[in-house]
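The values are calculated or read from the model by the stated rules, or taken from the named source; none is laboratory data. A quick note: this is a predicted structure, and the numbers were derived from the prediction, not measured. Cβ coordinates were reconstructed from backbone atoms using ideal geometry, including for glycine residues, and neighbour counts include every protein chain displayed. For accessibility, only protein heavy atoms count, side chains too; no ligands or nucleic acids. Shrake-Rupley method; radii C 1.70, N 1.55, O 1.52, S 1.80 Å.
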Amino acid sequence: MDHVSPCEAEARPYNAVSSRWRALFGGAARKVPLDAGFGCPNRDGALATGGCIFCNARGSGTGLGSRMPLAGQWAYWSQRLRARWGQELALVGYLQAFSNTHGPAARLAAVLRELAALPDMAGLCLATRPDCLDAEKIALLAAFPVKEFWLELGLQSSNPATLARIRRGHDAACFAQAVRTAADAGLKVTAHVMAGLPGETRADWDATVDFVNALPVAGVKFHNVYAAKDTELARMHLAGEAPLPELEEYADFVACALARLRPDVVVHRLHADPAHGELVAPAWAGARRRLHNTIAEVLRVRGVRQGMNRTERT
Ligand code: SF4
């Protein structure tokens, strides 16, 4: 689950979404995972069947989509989160699993109607692929009645060879077009990017950050690459075909990216969180506190501040 902890320190050298939400909602916020049962064209045969090499059959979801209506999921998670963090906790719905605009616009419209009826929703984040959007779907999203809405779009890398290698099924131009169209409609877009993808160099990573900087992107999520069970990446890694970054290397990726990133971009995550039981490698990807602390220490020691090394691109 994606968290913005009420206990996390506010003084960060980057534009953290937790700070934004504290100011916006007047207190701490937590994401509520919601699974609307969407699929993905990169898995269901519409585009391909194998999926991205790092993706398993859960598609980063809770798996509740086929078993529980959205209202039931919302009630279940809201009660648990508020029992733990307090009744004043702001709740932000999060449709993470698979591609949440895949399929006909009418289906998206029906899901959005269900979501709009959920009680006490402070915000909504909805993740999808850039090739699962058109003008009609973007208009539906832009009209969603909530105080804070984020459209999350996967890019992972701007390098065409990497996108082919990870079997992404779309190119960087598709991502750029979707970002521009969504931003023109008034949507805030969060870009997902991955550091340490097979075959990538530091120059590739820097180029991806610069590519994002040059687009009307309002937010970013940094993900470390990890091999999950039952994925092509796990097979490649175990066969010695896909070495994965060390923890210190990943912390360096994050530090350099933050230093290059436009100061106005809201940082939603600094690393991925493997689901329970799915991690194959590297082991450090499952040690959340150690990972968090290592990144924080690298930022502190280097005096990193978001945007301090920004490279202008036209
Ligand atoms: S686009 Fe997302 S859900 Fe689809 S295969 Fe890739 S990672 Fe999985």
Stretch ARG180-ALA71 to full length: gain in nm at 0.36 nm per residue minus the Cα-Cα span?
-> 36.0 nm
For ARG235, ARG107, ARG84, ARG168, write out the residues from largest to smallest accessible area, computed with a 1.4 angstrom probe and no ligands counted.
-> ARG84, ARG235, ARG107, ARG168
Measure off, as a whole percent, the carbon and sulfur share of the 1.4 Å-probe accessible area of the chain, all protein chains present.
-> 53
So if R0 is 45 Å, what FRET efficiency would ALA57 and ARG289 give, r being the distance between their Cβ atoms, rounded to the nearest 0.05?
-> 0.95
Candidates VAL301, VAL267, VAL146, ranked by Gaussian network fluctuation over the chain, Cα under 10 Å, top entry | VAL301
Would you mind checking which residues have amide H under 5 Å from GLN156's amide H? H placed 1.01 Å from N; only 5 or more apart, or other chain.
-> HIS192, VAL193, MET194
As a check on your grasp of the helix formula, calculate [θ] at 222 nm for the chain: sum -39500 (n - 2.57) over DSSP H runs of n ≥ 4, divide by the residue count, round to the nearest 500.
-> -11000 deg cm²/dmol
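Based on the Cα gyration tensor of region 43-142, what are the three equivalent ellipsoid semi-axes, each the root of five times an eigenvalue, rounded to whole Å and given largest first? Please list the in-between numbers first.
Values: eigenvalues 135, 61, 26 Å².
Ellipsoid semi-axes (Å, largest first): 26, 17, 11.
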Contact order relative to length of the chain, as percent, for alpha carbon pairs under 8 angstrom and 6 or more apart | 17
Roughly what would the spin-label model give for ALA135 and GLU88, points 7 Å off Cα along C-beta, in nm?
-> 4.6
Which value in nm describes the separation of the simple spin-label points at ARG202 and GLU246, placed 7 Å from the Cα toward the beta carbon?
-> 1.4
Report the accessible area of MET194, computed with a 1.4 Å probe over the heavy atoms of all protein chains in place, in Å² rounded to the nearest 10.
-> 20
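Provide TYR76, TYR94, TYR14 ordered by accessible surface of protein heavy atoms (probe 1.4 Å), highest first.
Largest accessible area first, the list is TYR76, TYR14, TYR94.
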Hey, how many Å between the Cα centroid of region 180-214 and the Cα centroid of region 91-128?
-> 23
Restricting to lysines and to Cα separations under 24 Å from LYS188, and discarding same-chain partners fewer than 8 apart, the set is LYS31, LYS137, LYS147, LYS221
In terms of modelled amide H atoms, which long-range or inter-chain residues lie less than 5 Å from the amide H of VAL280?
-> ALA227, ALA228, LYS229
About the Cα centre, charge dipole magnitude for region 97-239 (Lys/Arg +1, Asp/Glu -1 at Cβ), debye | 220
Could you size up the charge dipole of the chain around its Cα centre, putting +1 on the beta carbon of Lys and Arg and -1 on that of Asp and Glu, and report it in debye to the nearest 20?
-> 600
Under a plain spin-label model, where a point goes 7 Å from the Cα along Cα-to-Cβ, how far apart in nm are ALA116 and GLN79?
-> 2.8
Taking a ≥ b ≥ c as the square roots of the eigenvalues of the Cα gyration tensor of the chain, is the shape rounded (a/c under 1.5), prolate (a/b larger than b/c) or oblate?
-> rounded
Applied in sequence order to region 123-129, the curve 6.51 cos²θ - 1.76 cosθ + 1.60 (Karplus, θ = phi - 60°) yields integer Hz couplings, x standing for Gly and Pro, of x, 9, 10, 10, 9, 7, 9
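Roughly how many Å² is the accessible area per residue of region 17-224, as a whole number, for a 1.4 Å probe?
37
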